[in-house]
Amino acid sequence: RFQRKVLGVAPVRPIDSDGIPLSPAVAALRSRIGVDPLPGGQLVNLRFDAYDPGLAARVANTLAETYIEETVNFRFSTTTAASSFLGEQVTEQKRRLELAETALAEFRKKHSLVDVNDQAGGSGDQAQALDTAVMNARMQRIAKESLYNQLKGMTPQQLASSAGVNGGGPPRPPRP
């Protein structure tokens, strides 16, 4: 007031580090606050300088409570936003899955393809039996191929005494 009335100059308003003008009361409050980080952790020592120790304690406690409340609100809003985003993504993926399943069903119908899992009753059992028969045939082919490769490297005398050549039975006794 003095500067304005006597000198005719508007007082200079204090500006914080972010360039935001502060009211004189806020500037005075802010100049009395001290925040000192404690070594080895995330804790800080918060102090407020005042002539009245009760006022200093109330201001420091109120600042700490306000900071904690704002931090919790920020985390809650961040979590809410993330949950909302993920919910939208799940909904979108479900929609895409339904479209893909519909397209697959149309493709099967268009090309007269049958899904073994969709058939009722014995068709699934028949398909399983066919799968088992194919697997057994493959195993027999592999066994016979292995026997053939073994026999390829034998001499005629070894072949004559081999159990595999004699029909799988014991070797024939030599003729007298």
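Listed values, structure above:
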item	result
Volume of the Cα convex hull of the range 15-105, divided per residue and given in Å³	166 Å³
Amide H partners (placed H, <5 Å) of Val44, local residues excluded	Leu38
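Throughout, read-outs are computed from the coordinates displayed, never taken from laboratory work. Predicted model only: the values in this text are computed from it and were never measured.
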